[in-house]
2 protein chains.
Amino acid sequence: METLEVLKNRVSANKFDTTRKLSDDEIRELVAWATEAPSSANLQPWRFIAVTGQEEKERLKGVAYGQQKVADAAVTFIVLGDLRAAERLADVLGRSVAAGILPQTMADGLVRSMQSAHADPQKARDEAIRSTALAAMALMTAAADKGLVSGPMGGFDPEGAKREFAIPDRYLPVMLIAVGHPAPGNWPRKPRLTVDEVLTFHDGKDLQP
Amino acid sequence: METLEVLKNRVSANKFDTTRKLSDDEIRELVAWATEAPSSANLQPWRFIAVTGQEEKERLKGVAYGQQKVADAAVTFIVLGDLRAAERLADVLGRSVAAGILPQTMADGLVRSMQSAHADPQKARDEAIRSTALAAMALMTAAADKGLVSGPMGGFDPEGAKREFAIPDRYLPVMLIAVGHPAPGNWPRKPRLTVDEVLTFHDGKDLQP
């Protein structure tokens, strides 16, 4: 499908066809598309847990304020950001060096500057959320292209999710995304702020103070 | 262009054709596509400052560790997240109520729960980054569809950007995105972690501890 049509037609879905599953390969492909997103210094802090079993999805629903879509979707992803991604950066960038894309000295500089920045836990957290959300949007865009619908959720209990799904402390649960085939009854697209309400030119003087 | 082709071909660009500008209308259209992204409770915390003048771009480069793409791109967006977005939610959701999409009681409930959650500054910050990054990915995807290239940047001085561009304190500078026509010499796509390195099924037991 055409890109702009996909961006325009994507809606945040609540209603999923509970009779239609996704294969592990279909789920893997969605995650592969997510990883096409950019990240600071190619840090790739994103991780995904695909929750597909009915009992598991009910358990996840229990730490997501009972949102039924968590249990109804073919898969609900727990999307995580690695708070310690900078520790892995030498390995990650080593692949760009091996591919002849990045000089070793530049890789070393990026590792040093990113590890220094992420010594500040707030910066590590900001980056874990930022890059992981870029990947989440790529995942939802690819899903829409395939005729699937997605329901992103920021409202859930991250500590409960970590406990119930054996998620190590280094990972921050950033969002949940339910993905599957649609059932009837999804909301239409909700109105957006106009461009004039969200864009200014030159500086921030005209932004709502 | 086809969606998946666009996701696959997008690269983080450093080299921009300094002779080719974008019109204000082209910039407005990119932001309109960004706003098609989802956000928690339709909060839409994203704001954009389009920096287009040469002197302005040089000033922005000065608070972005001298990254030349900031000055070379036709436009560099300062992408902001509103830390006080919950205060505006009644207005935002009122439009969904007026459009007959959302019942008033549900809008009221969302406003209450979001304002209560965002009384915690960390939650407001997380949400400002998360939803704004979703919009940023939509913007870069739309730009790629139009044959433009984009260079997202997490590394810059947010306090310096606020000072130089008169950005009110309620807005968190989340990232910069340089957008324009490409010049020769951009990096190829850098290698990604494999799907098996970022995806697990069922729970987090197999994630790197």
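Radius of gyration over Kirkwood radius for chain B, both on Cα atoms: the Rg/Rh ratio is 1.01.
Determine the equivalent ellipsoid of region A:96-180 by diagonalising the alpha-carbon gyration tensor, then write out the semi-axes as square roots of 5 times the eigenvalues, largest first, rounded to whole Å. Each step should come with its number before you reach the end.
Working: eigenvalues 174, 87, 23 Å².
One finds semi-axes of 30, 21, 11 Å for region A:96-180.
Taking amide hydrogens as placed 1.01 Å from N in the peptide plane, the amide H of B:I167 sits under 5 Å from those of A:G204, each at least 5 positions away in sequence or on another chain.
With the label put 7 angstrom out from Cα along the Cα-to-Cβ vector, B:D24 ends up 5.6 nm from the copy partners, going from closest to farthest. Among the helices of chain A (complete DSSP H runs), which have Cα atoms covering no less than 18 Å along the helix axis and a Kyte-Doolittle mean of at least 0.0? Those that pass (Cα extent of 18 Å or more, hydropathy at least 0.0) are A:121-145. For chain A, the 222 nm mean residue ellipticity estimated from helices alone, with every DSSP H stretch of n ≥ 4 adding -39500 (n - 2.57) and the total spread over all residues, rounds to -13000 deg cm²/dmol.
For Cα pairs less than 8 Å apart in space and 6+ apart in sequence, what is the mean separation divided by the residue count of region A:3-184, i.e. the relative contact order in percent? With pairs under 8 Å counted, the relative contact order is 37 percent. Scaled against 2.2 N^0.38 Å for its residue count N, the alpha carbon radius of gyration of region A:52-91 is 1.61.
Calculate I(q)/I(0) for the protein assembly as shown by the Debye formula, one identical point scatterer on each C-alpha and no solvent, and give its log10 at q = 0.07, 0.09, 0.10, 0.12 Å⁻¹ to two decimals. Log-scaled intensity ratios, in q order: -0.30, -0.50, -0.63, -0.94.
Label-point spacing at A:Q115 relative to the other copies reads 4.7 nm, in ascending order, each point sitting 7 Å out from Cα along Cα→Cβ.
Placing a label point 7 Å from Cα along the Cα-to-Cβ direction at B:D196 gives distances to the equivalent points in the other copies of 5.6 nm, listed shortest first.
Each value in this text was obtained by applying a stated rule to the coordinates, not by laboratory testing. Source: prediction; values computed, not measured. Positions of Cβ are generated from backbone atoms using ideal geometry, with glycine treated the same way; all protein chains shown enter the neighbour counts.
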